[in-house]
Amino acid sequence: MPRYVIERSLPAGLDIPPNEVGARVCRAMVHNNTDFGVTWITSYTTPDRKHTFCIYDAPSPEAIRRAGDCNQLPVARVTEVRVLDPYFFK
């Protein structure tokens with residue numbers, strides 16, 4: 001399965017509280033993603049929470065865009081990536 005980095009711009013900022021409400025929001029997103037064959041791996045956010053960089057496994061960029069629409073999350077850019085591990089080099 002291809003791996004992608006998804007960049008998002010969120011002008012109002014990302015508002016997922018670190019409590020049970022936020023956990024429910026995240027579980028709902030994970031569940032919705034399964035309808036499109038998309039797996040959310042991890043995300044990074046800027047300190048102001050207005051930009052995120054998310055790692056996903058998905059069958060295609062279009063599947064990621066459809067899952068984003070379903071979860072009401074904008075998708076600014078989708079880039080297919082490969083792992084480059086610094087410990088590979090000796």
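The values are calculated or read from the model by the stated rules, or taken from the named source; none is laboratory data. This one's a predicted model, so the numbers in the text were calculated from it and none came from an experiment. With ideal geometry, Cβ positions are generated from the backbone for all residues, glycine too; neighbour counts draw on all protein chains shown.
With respect to Gly22, is the statement that it is among the small types (Gly, Ala, Ser) and assigned to a loop (DSSP other than H, G, I, E, B) true? The answer is no for Gly22.
Tell me, yes or no, whether segment 44-62 has at least one residue that is touching an Asp or Glu at 6+ places or on another chain (Cβ under 9 Å) and in a helix (DSSP H, G or I). Lay out the reasoning, then the answer.
Of the residues in segment 44-62, the ones touching an Asp or Glu at 6+ places or on another chain (Cβ under 9 Å) are 49, 51-54, 61.
This time we only want the ones that are in a helix (DSSP H, G or I), so: 61.
Yes, some residue in segment 44-62 is touching an Asp or Glu at 6+ places or on another chain (Cβ under 9 Å) and in a helix (DSSP H, G or I).
How about segment 29-38: which of its residues are surrounded by 12 or more Cβ atoms within 10 Å (Cβ to Cβ) and within 12 Å of Gly68 (Cα to Cα)? Before the answer, list the steps.
So in segment 29-38, the residues surrounded by 12 or more Cβ atoms within 10 Å (Cβ to Cβ) come out as 29-30, 32-33, 36-38.
Matches in segment 29-38: Met29, Val30, Asn32, Asn33, Phe36, Val38.
Scanning segment 1-31 for residues that are closer than 18 Å to Val78 by Cα and at pLDDT below 95 turns up just one, Met1. Scanning segment 63-90 for residues that are part of a helix (DSSP H, G or I), more than 11 Å from the chain's Cα centre (by Cα) and at pLDDT 95 or above returns Ala63, Arg66, Asp69, Cys70.
A quick yes/no check of all residues on (1) exposed (fewer than 13 other Cβ atoms within 10 Å of the Cβ); (2) free of Cβ contacts under 8 Å to residues at least 60 places away in the same chain; (3) within 18 Å of Ile16 (Cα to Cα); (4) of a type in the set (A, V, I, L, M):
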{"site": "Ser43", "(1), (2), (3), (4)": "no, yes, yes, no"}
{"site": "Pro47", "(1), (2), (3), (4)": "yes, yes, yes, no"}
{"site": "Phe53", "(1), (2), (3), (4)": "no, yes, yes, no"}
{"site": "Arg65", "(1), (2), (3), (4)": "no, yes, no, no"}
{"site": "Gly68", "(1), (2), (3), (4)": "no, no, yes, no"}
{"site": "Asn71", "(1), (2), (3), (4)": "no, yes, yes, no"}
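When you check Leu14 against the structure, is it assigned to a loop (DSSP other than H, G, I, E, B) and within 12 Å of the chain's Cα centre (by Cα), yes or no? Against the criterion (assigned to a loop (DSSP other than H, G, I, E, B) and within 12 Å of the chain's Cα centre (by Cα)), Leu14 does not qualify.
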